[in-house]
1. Out of the residues in segment 20-41 that are out of contact with any helix residue (DSSP H, G or I) (no Cβ under 8 Å at 6 or more places or on another chain) and closer than 17 Å to Ile67 by Cβ, state the one that is surrounded by the most Cβ atoms within 10 Å (Cβ to Cβ).
2. Answer yes if at least one residue in segment 259-269 is buried (at least 18 other Cβ atoms within 10 Å of the Cβ), touching a Gly at 6+ places or on another chain (Cβ under 6 Å) and among the β-branched types (Val, Ile, Thr), and no otherwise.
3. Which residues, taken from segment 198-221, are surrounded by fewer than 21 Cβ atoms within 10 Å (Cβ to Cβ), out of contact with any Asp or Glu (no Cβ under 6 Å at 6 or more places or on another chain) and either more than 23 Å from Met100 (Cα to Cα) or outside the structural domain of Ser332 (by TED's automatic domain parsing) (or both)?
4. Check Val128, Val82, Val117, Val132 and return the single one that is among the β-branched types (Val, Ile, Thr) and assigned to a loop (DSSP other than H, G, I, E, B).
5. I need every pair where a residue in segment 261-278 that is at pLDDT 95 or above has its Cβ under 6 Å from the Cβ of a residue that is among the β-branched types (Val, Ile, Thr), sequence separation at least 6 or different chains.
6. What residue, of Ala366, Ala359, Ala347, Ala354, is closer than 29 Å to Phe394 by Cβ and touching a Phe, Trp or Tyr at 6+ places or on another chain (Cβ under 8 Å)?
7. Please list, ordered by residue number, the strands (runs of 3 or more DSSP E) wholly in segment 251-356 having 1 or more residues that are within 26 Å of Phe215 (Cα to Cα).
8. Which of the residues belonging to segment 197-248 are more than 16 Å from Gly265 (Cβ to Cβ), aliphatic (A, V, I, L, M) and outside any strand (DSSP E or B)?
Amino acid sequence: MPDDAVTTSTHPRSLDSVKHRDRYVADLVAHLEPRLIATRRELHQHPELSNREVRTSRFLVHRLREIGGFELRTNVAHHGIVATLHGRQPGKVVGIRADMDALPIDEPPGLPFASTVPGVMHACGHDVHMTVALGTAEVLARLRQHFCGTVRFFFQPAEEGPPPGEAGGAKLMLDEGALEPQRPDAMFALHCYPPLAAGQLGYNEGVMMSSCDRFTITVRGRMAHGAYPHRGVDAIVVASTIVMMLQTIRSRMIDAQQPMVLTVGRMQGGRRYNIVADEVVMEGTVRAFDETVRTETEHLIHQIVSNAAAGSGASCDIRYERLVPPLVNDQSLVRQMLPTLQRVIGAERVIEHAPRMGAEDFAYFACAVPAMFYSLGVSNPAAGIEGDIHTPRFAVDEVCIATGVRAMSALALDFLAA
């Protein structure tokens, strides 16, 4: 436990009401805020890609040991950490998850704490997520004699997806038994969300984010001279037909009231301007909120591609990978905990928003235990902070960190006390 004890208007011994506890936590977070901002900037300067979070993991372990009171399990799913904190007596178990990895994006110069790693940037806010989790860990560690139950922090690598040929992410953490032996009764996680201003939170009672699948289609034709295409089978023409026909899945084959996106994002083929291409490779993604729609779309892709290739005299290979299921919040848990967010942050700043077509592998945790995933507002247009995630323009107003810590701490404490 750090020596710099907080000075607040409420002593922890007097936490005989939720109101007093909220005041204590707010004062404590305000005291910790400069160090939390410094922590976030340290993490931001040293981003690491999925399954390569070696320095990040060491940093987190060091900070958790500084705070004190945690049972630590390291090297989970390569570089993940599970940190367990016990209250004064046994009780319910709550889990808090934060992702660790960064993205292969060049950060533009300008920030004094910009990435020092060429081509790698925390452009999805995972540095903020880790900082919020560490701040919450410190708040709860200082209050562990004032709650019953257990809090388990899951610092997860490879949320953005492991490199080809490697396992990783939330699924690997679960496969390695990270939830055991004290399986959480509920889990919470947040994500930076630029459409909301710093100081705001967003939620949804059901589907929060879509599934994410990836397909790779290889079309094989027969090479010929570009002047005599009738002597070959043009893989580019076949592939182009497939691209157009795939779009009819959304427009003509899936219930119009069921959200689904199918995107072909890469198409590569051909050898020379005057040679009929003998091979084209296409890659794309499918997003859906509903598992039935997800399964139906996969079936239709196979059907359309196979028929189009056969009808043109070509052959094809189709590889379909189910990467992440839809992220569905537990409705009863959201309804139970929503008053907590409204009390701590202010009802007018807690905003219900529509499901998003982005994907998030916290979905695997949400499939295993009741879970609530919510959005952390990070933007400040007046200060020029409004870039979207997964872009080099992404940035956050760091006042969001204190909001996140206060919200996450209250969720954990209220759930354990319920």
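The values are calculated or read from the model by the stated rules, or taken from the named source; none is laboratory data. Source: prediction; values computed, not measured. Note that we place each Cβ from the backbone using ideal geometry, even for glycine, and neighbour counts take in every protein chain shown.
1. For segment 20-41, the residue satisfying everything is Arg35.
2. No, there is no match, as no residue in segment 259-269 is buried (at least 18 other Cβ atoms within 10 Å of the Cβ), touching a Gly at 6+ places or on another chain (Cβ under 6 Å) and among the β-branched types (Val, Ile, Thr).
3. Within segment 198-221, Glu205, Gly206, Val207 meet the criteria.
4. Of the residues listed, the single one that is among the β-branched types (Val, Ile, Thr) and assigned to a loop (DSSP other than H, G, I, E, B) is Val117.
5. Between residues of segment 261-278 that are at pLDDT 95 or above and residues that are among the β-branched types (Val, Ile, Thr), the close pairs are Leu262/Ile249; Leu262/Val286; Thr263/Thr285; Val264/Val243; Gln268/Val281; Gly269/Ile236; Gly269/Val280; Ala277/Ile236.
6. Step by step, each of Ala366, Ala359, Ala347, Ala354 is checked, and only Ala366 is closer than 29 Å to Phe394 by Cβ and touching a Phe, Trp or Tyr at 6+ places or on another chain (Cβ under 8 Å).
7. Per the criteria, 260-269, 279-288, 315-324.
8. Ala198, Met223, Ala227, Ala235, Ile236, Val237, Val238, Met245
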